[in-house]
Amino acid sequence: MPACQNCGYTWKRKETTLKMLTFKSSYRCPNCLQKQYLSAETRKRSSLYSLPFFLIIPFLAAFNIHFSVTLVIAVVYLVFYISYLPFTIKLSNENEPLW
Ligand SMILES: [Zn+2]
């Protein structure tokens, strides 16, 4: 779970998941209310993990897999992605550049 780089508070899974689903660039620490940013490493890794989600639909459509099967696979991947995401997050006090 991510820890605030200002006060060291470890965010709870529910807090982290709800904040990540807002897709904001910064998040307030629930303990000290200081702005926290996703580290550059976290942003790179999460975009890498989300890539298969966007590849599943055209890949399965190319093999004439029924859309309902494709949709179920995509939803299952999305649920696993959202469940796993809080464990990969590292926070930063500054908005680090990607390069
Ligand atoms: Zn804090």
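Report yes if some residue within the stretch 25-39 is more than 13 Å from the ligand (Cβ to nearest atom), surrounded by 12 or more Cβ atoms within 10 Å (Cβ to Cβ), assigned to a helix (DSSP H, G or I) and of a type in the set (Gly, Ala, Ser); otherwise report no. Please lay out each step first, then the result.
Pass one, the stretch 25-39, residues more than 13 Å from the ligand (Cβ to nearest atom): 25, 38-39.
Cutting the leftovers down to surrounded by 12 or more Cβ atoms within 10 Å (Cβ to Cβ) gives us 38-39.
From the residues that got through so far, the ones that are assigned to a helix (DSSP H, G or I) too are none.
Within the stretch 25-39, none of the residues are more than 13 Å from the ligand (Cβ to nearest atom), surrounded by 12 or more Cβ atoms within 10 Å (Cβ to Cβ), assigned to a helix (DSSP H, G or I) and of a type in the set (Gly, Ala, Ser).
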Query raised in the report: So, in the stretch 1-24, of the ones that are aromatic (Phe, Trp, Tyr) and within 13 Å of the ligand (Cβ to nearest atom), which residue ends up least open to solvent (accessible area, probe 1.4 Å)?
Result: 11
Report summary line: Expected output for the stretch 74-99 (first residue over 26 Å from residue 55 (Cβ atoms), partner open to solvent by less than 80 Å² (accessible area, probe 1.4 Å) and part of a helix (DSSP H, G or I), Cβ below 6 Å, 6+ apart or cross-chain) is 96/40
Query - Condition broken by residue 76, with the remaining ones in (1) more than 20 Å from the chain's Cα centre (by Cα); (2) in a helix (DSSP H, G or I) satisfied - result: (1)
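The values are calculated or read from the model by the stated rules, or taken from the named source; none is laboratory data. Quick caveat: nothing in here was measured; it's all calculated off a predicted structure. So basically every Cβ, Gly included, is an ideal-geometry build from the backbone, and we count neighbours across all protein chains shown. Ligands, DNA and RNA are excluded from the accessible area calculation, which covers all protein heavy atoms including side chains. Shrake-Rupley method; radii C 1.70, N 1.55, O 1.52, S 1.80 Å.
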